[in-house]
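Presented below is the structure to which this report refers.
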DNA sequence: CGGTATCCATTTGGATACTG
DNA sequence: CAGTATCCAAATGGATACCG
């Protein structure tokens, strides 16, 4: 079908290797989850939930399961009542931190620049 | 609502600056589009389309419009028949390349590692 | 050539209720 | 505490036809 290179992984096709990266850490929640685990270390389910005020329980569970399946996050269950589940980054997960860090500061710069431009525009219109 | 920091930009709310980055370059197509424009320079609509064999015309147009609105891509229309439209990265767009580059090589490593692990598993099962 | 417009299928995500 | 299950709404994306 494709004239480009075709990479296959887990029944999915990619035309470029960073489609793989996007697939693993793209989406609304995954980068933030990884970021929190990377900067704060091991976190329990509800601790994560508090750090992501807008996520629903369903989404958090779902995203964590996917991250686990992709070997980016480690899930440790303590067999006790009430249950205790801890999440942390795997070694592979940690290797993503430099990328996320760059994305974070880029977003920061973009935000500041846009705010500055807005101030500029408002000042000029006076 | 949110106990975290709350950033607002263009009627959207973010709790962290890299949600902004994700919003701008996340999704299935944008990174690849930016990547092609960054590595190959100016491209016409149909040249881009050939580089992304699976994208539909609608999606390509849509993504390019969004990238343009976010000041990452420059759209230059030549007023002639048949039409000629050229796309290129803005200065801001270029600042994304180091991030995309890292994502690309990370995806590359991940792919190679997984393939290597697979070979290993197959070898052991013999 | 470089698009729009329309329609429709799939995917994603949210609200709510329930559970070991 | 850390989830499942179910249902439903919204967003995303693809096929197709048409246009200046």
Problem - Cα-only Debye scattering, segment B:7-95: base-10 log of I(q)/I(0) at q = 0.21 Å⁻¹ - result: -1.03
Problem - Chain B, rotation onto A, residue closest to that axis via Cβ, with its distance in Å - result: B:26, 3
Problem - Average other protein chain Cβ within 10 Å of Cβ, residues A:50-62 - result: 2
Exercise for the section: Please report the relative contact order for chain A, taking Cα pairs under 8 Å with a sequence separation of at least 6, and give it as a percent rounded to a whole number. Expected result: 20 percent
Practice task
Can you tell me the 0 to 90 degree angle between the C-alpha axis of helix A:30-40 and the longest principal axis of chain A, rounded to 10?
Solution key: 80 degrees
Exercise for the section: Report, for residue B:122, each distance to the same residue's label point in the other copies, shortest first and in nm; define the point 7 Å along Cα→Cβ. Expected result: 6.1
Exercise for the section: Apply the Kirkwood formula to the protein assembly as shown: the hydrodynamic radius equals the inverse of the mean of 1/r over all pairs of different alpha-carbon atoms; give it in Å with one decimal. Expected result: 20.3 Å
Exercise for the section: Mind sorting A:85, A:32 by how few other Cβ atoms lie within 10 Å of their own Cβ, fewest first? Expected result: A:85, A:32
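Among A:118, B:92, rank each residue by its count of other Cβ atoms within 10 Å, from fewest to most, as a rough exposure measure. Don't skip to the end; give the middle numbers.
Values: A:118 11, B:92 17.
Final ranking by Cβ density, sparse to dense: A:118, B:92.
Taking each residue in A:23-35, count the Cβ atoms of any other chain within 10 Å of its Cβ, then average. What number comes out? Numbers along the way, then the final one.
On the way: counts 2, 4, 5, 7, 3, 4, 2, 1, 6, 7, 0, 0, 3.
Across the residues of A:23-35, the mean count of other-chain Cβ atoms within 10 Å is 3.
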Practice task
Measure nothing but the geometry: give the 0 to 90° angle between the long axis through the Cα atoms of A:97-124 and the longest principal axis through the Cα atoms of chain A, rounded to 10°.
Solution key: 30 degrees
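Which value in deg cm²/dmol, rounded to the nearest 500, describes the helix-derived mean residue ellipticity at 222 nm for chain B, given -39,500 (n - 2.57) per DSSP H run of n ≥ 4 and division by the residue count?
Details: 6 runs with 72 residues, N = 126.
It lands at -17500 deg cm²/dmol.
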Handout entry: Ascending list, in nanometres, of distances separating the residue B:15 label from those of the other copies (7 Å, Cα toward Cβ)
Key = 3.5
Exercise for the section: Taking a label point 7 Å out from Cα toward Cβ, give me the nm distances from residue A:44 to the same spot in the other copies, shortest first, one decimal. Expected result: 6.3
Problem - Rounded tilt (10° steps) of A:57-69 against the dominant C-alpha axis of chain A - result: 70 degrees
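For peptide A:95-103, compute the average count of partner chain beta-carbon atoms within 10 Å of each residue's beta-carbon. Mind dumping the intermediate values first?
Details: counts 3, 4, 0, 3, 9, 4, 2, 7, 14.
Average per residue, whole number: 5.
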Exercise for the section: Could I get the Rg over Rh figure for segment B:1-56? Both from C-alpha atoms, Rh via Kirkwood, rounded to two places. Expected result: 1.17
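Readers should treat all values here as calculations from the given coordinates under stated rules, not as data from a laboratory. The structure presented is a predicted model; accordingly, all values stated were derived computationally and were not measured. Virtual Cβ from ideal backbone geometry, glycine too; neighbours counted across all protein chains shown.
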